[in-house]
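First up is the structure itself, then whatever we jot down about it.
The values are calculated or read from the model by the stated rules, or taken from the named source; none is laboratory data. Because the structure is predicted, anything quoted here is derived from the model rather than measured. When we count neighbours, we look across all protein chains shown, and the Cβ atoms used for this are built from the backbone with ideal geometry, even at glycine. We work out accessible area using only protein heavy atoms, side chains counted, and drop any ligands, DNA or RNA first. Shrake-Rupley method; radii C 1.70, N 1.55, O 1.52, S 1.80 Å.
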Amino acid sequence: MENRTTSVSAARRRTVIDALRRGAVPESGLDLLATGLDRFEGALDAELEAVSSGGSVFKAVRGEYGSGKTFFTRWLGERAKRRNFAVAEIQISETETPLHKLETVYRRLTERLTTASFPPSALRPVIDAWFYALEEDSLAAGATEDELPQEVEKLLVARLAEVSRHAPSFAAALRGYRAALAEGDEATAAAVMAWLGGQPHVAASARRAAGVRGDLDHFGAFGFLQGLLTVLRDSGHAGLFVVLDEVETLQRVRSDARDKALNALRQLIDEVHSGRFPGLYLVITGTPAFYDGQQGVQRLAPLAQRLATDFTTDPRFDNPRAVQLRLSGFTQASLVSLGVTIRELYAAGAESPERIEAVVDDTYVADLARAVGGALGGKVGVAPRLFLKKLVGDVLDRVDQFEDFDPRRHYKLTVASSELTDVERNLAAALSGSAPSADDIELDV
């Protein structure tokens, strides 16, 4: 444990600690916090390897609130990024990103696209790198500077041949983008790039200059995704890792929109399994109610068949190669283990690590974990976000800054309703029953 936390750079440590202090899942550095995920590593790494070799994978992650679905997918995304995948995480929602409108999902994908070198949106840097790679390949094949534009055009046509059969406008827009750059017309180049990213309402003049018409539609999104995968592969990326998070929100939309969304999900799965998207690793997340309930997957029999997975055995025998993965969530022991890991990580960057570890010892971490769980109706699985927020912001920060601060004497845990998410608030209310109010829970140590 000590080696895992003391060798971390100050920047990575700060990123993780700052996110936990805000009550958020860190965007990076999740390998430092991973507990209990080693049983998935072998199978998932093998799948990432298969995708980087031209395969494609679809995976469904299930877990109750607090089981760590967002943490898990970001942890897996980090593993993908270390293998030189591009990564995009998309929140599914009825108003912002409805699943039955795949053109909107594609647009969010390009907006959230990130690589090891570029933050979101990495679409333009990726496409610029692709054109650079085409130029390098043309020069390596013997092209002169004068012949370079024509040779790059030939390579573009050859490498997008398959895509052009399904989405000819994608290749046309790439040519339009390159032509605008060559003419020094940045405004047109930027507009065409926006159109390539699925943005609506791009200026008609820019679309005319690129030889394309209209906005991207549901079916065109499949072709554009193929085009993006081709560009990523040719510019040196191993593949594209995409997360569709919180798919269970489909259960709360109108029945007609829900049915369209479930069918769109079935379409996506079939296209992934058909081999149409080489280099794509697609993950969805949802609650057990979404996968098993009549308002979710079970509403569409063909989709239920594709996602069917046996979870009747002990969770320790779950098959990580199956289409669906089950996250069991936190126990008291695993929550304490995570808290100890965070304390070690924090101490490694503190001025007085010995005092941090002495004052916030393992016993205190366990007491705090129990108290937060008690404030949330005894449901340990709901507690991780709030527990880590309290541990970092209320306890560790104070011990680090005030030499005489003793959390056993000077700190009384309070959980205000305003600190809870809607889901946490509802679960705490439902689970606490006649238990005392969660507004004022004192540590008994």
Note to self: Quick test for you: out of 271, 246, pick the one residue that is at positive phi and not hydroxyl-bearing (Ser, Thr, Tyr).
What the structure shows: 246
Next item on the list: Return the only residue of 143, 173, 179, 161 being among the aliphatic types (A, V, I, L, M), under 33 Å from the mean Cα position of the chain (by Cα) and crowded, with 16+ Cβ neighbours inside 10 Å.
Entry: 173
Checklist line | Residue under evaluation residue 62, criteria (1) basic (Lys, Arg); (2) in contact with a strand residue (DSSP E or B) (Cβ under 8 Å, 6 or more places away or on another chain); (3) closer than 30 Å to residue 216 by Cα, criterion not met | finding: (3)
Next item on the list: Go through the residues of the stretch 145-163 one by one and say whether even a single one is without any contact (Cβ under 8 Å) to a residue 40 or more places away in the chain and polar (S, T, N, Q).
Entry: yes
Checklist line | When residues of the stretch 367-379 are limited to those that are open to solvent by less than 50 Å² (accessible area, probe 1.4 Å) and closer than 13 Å to residue 330 by Cβ, the one modelled with the lowest pLDDT | finding: 376
Notebook entry, point to check: Quick one: in the stretch 120-140, which of the residues that are of a type in the set (Phe, Trp, Tyr) and open to solvent by less than 40 Å² (accessible area, probe 1.4 Å) is farthest from the chain's Cα centre (by Cα)?
Noted result: 131
Check: Across the stretch 229-266, what is the number of residues that are within 23 Å of residue 289 (Cβ to Cβ), open to solvent by 40 Å² or more (accessible area, probe 1.4 Å), assigned to a helix (DSSP H, G or I) and not hydroxyl-bearing (Ser, Thr, Tyr)?
Finding: 7
Check: Among helices (runs of 4 or more DSSP H) lying entirely in the stretch 1-95, which contain 1 or more residues that are within 30 Å of residue 317 (Cβ to Cβ) and of a type in the set (Ser, Thr, Tyr)?
Finding: 38-52, 69-82
